[in-house]
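The block underneath contains the structure these notes are about, expressed in structure tokens.
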């Protein structure tokens with residue numbers, strides 16, 4: 001048997017161990033908490049950097065847009081100058097005619113003819129108009145020297161895979177813009193205003209020139225004219241981790257120029273896909289369709305553009321209206337317009353599912369990559385829709 005003194009010592013040792021264990025556990029919890037806080041701070045910092053980058057890109061675009069508006073003002077000035085020049089020419093011709101008009105003297109004391117005073121005034125007016133016109137032409141030349149920014153141009157329909165012949169055009173963001181297109185290389189240039197019929201796999205080059213002579217460099221787009229579409233109407237095949245999945249071209253109801261369906265819970269969205277003989281796309285399938293063969297950040301490329309997709313407005317738009325918002329495989333409106341339910345559960349929130357793509361006001365955050373938050377699946381939201389997938 002142990003003595004009371006030994007028992008007390010044992011209890012003291014036990015209490016000391018408990019305190020040490022408690023302290024160690026608290027220290028461990030503190031370290032874990034600090035680690036989580038650090039992770040959250042890092043996420044916040046990354047988001048701030050993304051927002052700062054988006055703001056910078058938006059300011060750059062606004063500057064370019066302002067420059068474009070200045071060009072339009074320049075064109076108006078030029079048009080006014082041309083009209084003034086025509087009026088000046090008419091005035092000069094009239095003045096020249098009037099200057100030759102003479103009237104006979106009406107008095108016997110002065111038999112010499114007198115020059116018509118009205119003709120003298122006409123000549124003076126014509127000279128003043130001529131000086132004014134020359135000043136405006138000088139201003140016009142100054143404007144031409146200041147405006148050196150080329151126009152923004154792009155191919156339509158955009159580069160990607162197609163299963164039927166297409167008619168290629170070059171769209172320019174400015175009025176009175178000349179456009180050219182050349183297939184395979186830049187040596188076969190032809191005007192692109194009327195468009196060209198196209199049905200081959202290869203590269204297409206294009207450029208544009210505004211009314212002041214500012215010209216873009218040759219730009220390039222790649223096309224793949226395929227014939228192996230094993231999917232149905234408005235569905236196109238997408239390679240996903242070694243297999244092929246049919247993905248709807250548009251947000252449900254998968255109809256061009258129709259208003260996509262929102263205010264639908266996750267369960268209702270899944271049921272509507274099943275009713276159509278399909279299922280909700282998984283996050284992997286959705287991302288593969290959005291990123292395309294080049295693994296883009298956005299469906300149209302790696303750099304955010306505020307007007308290629310519906311990402312900078314206040315409401316949803318009809319499916320396919322933004323013709324530049326098309327992924328390589330043929331899916332429209334995957335960036336912006338509506339968030340889209342997927343069948344993939346969220347790892348951050350129990351009984352929730354991931355949504356993808358962003359809504360109409362998400363700006364540069366409407367990327368193809370997975371978003372870190374999800375919505376309650378039983379709820380209906382005015383900014384959440386979906387699209388369906390199936391096996392071929």
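The values are calculated or read from the model by the stated rules, or taken from the named source; none is laboratory data. As the structure is a prediction and not an experimental result, all values here were calculated from the model. In this analysis, Cβ positions are derived from the backbone assuming ideal geometry, glycine residues included, and neighbour counts consider all displayed protein chains.
Which of (1) assigned to a loop (DSSP other than H, G, I, E, B); (2) closer than 19 Å to residue 309 by Cα; (3) in the same structural domain as residue 157 (by TED's automatic domain parsing) does residue 250 not meet, given it meets every other one? Just one mismatch for residue 250, condition (3). Restrict the check to the range 370-378 and report whether at least one residue is farther than 19 Å from residue 273 by Cα, in contact (Cβ under 8 Å) with a residue 60 or more places away in the chain, assigned by TED's automatic domain parsing to the domain that holds residue 299 and in a helix (DSSP H, G or I). Within the range 370-378 (the criterion being farther than 19 Å from residue 273 by Cα, in contact (Cβ under 8 Å) with a residue 60 or more places away in the chain, assigned by TED's automatic domain parsing to the domain that holds residue 299 and in a helix (DSSP H, G or I)), the answer is no, since none of the residues qualifies.
In the condition set (1) at pLDDT 95 or above; (2) over 16 Å from the mean Cα position of the chain (by Cα); (3) more than 25 Å from residue 171 (Cα to Cα), residue 329 is compliant with all but (3).
Looking only at residues in the range 379-392 that are part of a loop (DSSP other than H, G, I, E, B) and more than 20 Å from the chain's Cα centre (by Cα), which one is surrounded by the most Cβ atoms within 10 Å (Cβ to Cβ)? Talk me through it step by step, then tell me what you get.
From the range 379-392, those part of a loop (DSSP other than H, G, I, E, B) are 379-383, 387, 391-392; that's our starting set.
Then keep just the ones that are more than 20 Å from the chain's Cα centre (by Cα); that gives 379-382, 387, 391-392.
Values: 379: 11, 380: 14, 381: 17, 382: 11, 387: 33, 391: 11, 392: 12.
Ranking the candidates gives 387 first.
The residues in the range 350-369 that are assigned to a loop (DSSP other than H, G, I, E, B) and either within 30 Å of residue 303 (Cβ to Cβ) or out of contact with any strand residue (DSSP E or B) (no Cβ under 6 Å at 6 or more places or on another chain) (or both) can be counted, and the count is 12. Residues that are in contact with a strand residue (DSSP E or B) (Cβ under 9 Å, 6 or more places away or on another chain) and farther than 27 Å from residue 206 by Cβ within the range 220-237 comprise 228, 230, 231, 232, 234, 235, 237, listed in sequence order.
Please work out if residue 261 is farther than 28 Å from residue 159 by Cβ and surrounded by fewer than 20 Cβ atoms within 10 Å (Cβ to Cβ).
On the way: farther than 28 Å from residue 159 by Cβ: yes; surrounded by fewer than 20 Cβ atoms within 10 Å (Cβ to Cβ): yes.
Judged against the criteria, residue 261 is a match.
On the given criteria, is residue 343 assigned to a loop (DSSP other than H, G, I, E, B) and either touching a helix residue (DSSP H, G or I) at 6+ places or on another chain (Cβ under 8 Å) or surrounded by fewer than 24 Cβ atoms within 10 Å (Cβ to Cβ) (or both)? So residue 343 fails the test.
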